[in-house]
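What follows draws every value from the coordinates through simple rules; no lab data is involved. Just so you know, these numbers come straight off a predicted model, no measurement behind them. For neighbour counting, all protein chains shown are included, and Cβ atoms are generated from backbone atoms with ideal geometry for every residue, glycine included.
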Amino acid sequence: MKYKLPVWLLLLPATALAQQSRAPEIAYKPDANFLKLPQGMYLGEAAGVAVNSKGDIFVYNRGQKTA
């Protein structure tokens with residue numbers, strides 16, 4: 001006599017281990033004025049963000065230049 005083990009029973013230990021009681025804390029220091037824009041520009045809708053090896057942050061945005 002062969003017993004068939006339900007597939008969900010095999011996944012039960014993995015899902016039980018994956019659940020955590022709370023999210024881990026992320027240490028950060030907020031800086032409201034870290035972004036410096038050229039004069040006459042404002043930040044519109046951001047379409048992309050990148051960081052180079054020097055730590056410079058580049059934001060591709062859809063804002064319009066005001067002269």
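Distant-in-sequence amide contacts of Asn61, defined by a placed amide H-H separation under 5 Å and a gap of 5 or more residues or a different chain, comprise Ala47.
Karplus-derived 3J(HN,Hα) values for segment 38-43, using 6.51 cos²θ - 1.76 cosθ + 1.60 with θ = phi - 60°, are x, 4, x, 10, 10, 7 Hz; glycine and proline are entered as x. A protection proxy built from the mean count of other Cβ atoms within 10 Å ranks the segments 37-45, 22-30, most packed first, as 37-45, 22-30.
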